[in-house]
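Here, each number is a calculation from the coordinates, and none is a lab measurement. Note that the coordinates shown come from a computational prediction; the quantities given were computed from them, not determined experimentally. Every residue, glycine among them, receives a Cβ derived from its backbone with ideal geometry; neighbour counts consider all protein chains shown.
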Amino acid sequence: MLLNAMAHTILSEGLADQKFLGARTTGLDEFQAYVQSWTPERAALLCGLDAEEIRRAARLYAVHGPSFVPAPYAGAFSDVHAGDYNADYIQSFSDEGYTVGCGGGNFCPSAVHTRGQTAVFILKGTHGTGYVPPSCETTHAFDDVACPATAQEPFGDWIGQLYQEGITAGCGGNDFCPTAGIPNQQMAAFLVRAFGIPHL
């Protein structure tokens, strides 16, 4: 049932590799008709998972497959070079539209990114790189986050939506601390909540 719901998502959202399916499969129309009724909501009722988690899993699988290996680094940023730590992944991160770097053609690989920047990465990861969050006028939750967003504090819409989706409760005292760096343990919590990663 879970695989049927993932197939439903992949096919209905146009994420399938049509060239591969045309060359390597038969009976695709019949299969697509069969899984049409296997919505993530239907599978969620039977397997106890959240429907949106099923969709996210399907999207990740469709885009990268179970054993993703990025293409070699191709010079996306002037401060990242072939052979640098995680250079291939940085290239993929750029190619897929998740980042444009830190400005001036650079990626700033050793910089600590902020909690505000993390809100953008997380939501683009869960919803797709073309995602635009609703206005913070409908999602605003934290006293230290500018709403409407400004050039100096540009992440209000993203932070509000991160809160609405239950991914963050802020940093305490009704604040989000948007300019603070994000330690690994906080990033881990964001990722577990955003992507429904099983944990103890």
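Applying 1/(1 + (r/R0)^6) with R0 = 35 Å to the Cβ-Cβ distance of Ala23 and Glu96 gives a FRET efficiency near 0.90. Neighbour counts of C-beta atoms inside 10 Å place His81, His140, His8, His113 in the sequence His81, His113, His140, His8, starting with the fewest. For the pair Met1 and Asn106, a Förster radius of 41 Å applied to the C-beta separation gives a FRET efficiency near 0.30, rounded to the nearest 0.05.
Taking segment 86-126 and a reference point 7 angstrom along Cα→Cβ of Asp144, the backbone N atoms nearer than 14 Å belong to 114-117. Note on the chain: Cα convex hull, mean projected area over all directions, 13.9 nm². Would you calculate, for the chain, the mean residue ellipticity at 222 nm contributed by helices, counting each DSSP H stretch of 4 or more residues as -39,500 (n - 2.57) and dividing by all residues, to the nearest 500? Result for the chain: -13500 deg cm²/dmol, rounded to the nearest 500.
The simple spin-label model puts a point 7 Å past each Cα toward its Cβ; for Thr114 and Ala74 those points are separated by 3.2 nm. Using C-alpha pairs below 8 Å separated by at least 6 residues, the relative contact order for segment 69-109 is 41 percent. Tell me which of Ala169, Pro134, Phe190 sits at the most positive position along the dipole axis of segment 112-195, charges placed on C-beta atoms (Lys, Arg +1; Asp, Glu -1). In segment 112-195, that residue is Phe190. The Kirkwood radius of segment 112-195, taken over pairs of alpha-carbon atoms, gives through the Stokes-Einstein law at 25 °C and 0.890 mPa s a diffusion coefficient of 196 µm² s⁻¹. The slack between Gln186 and Val132, meaning 0.36 nm per residue of separation minus the straight C-alpha distance, is 17.1 nm.
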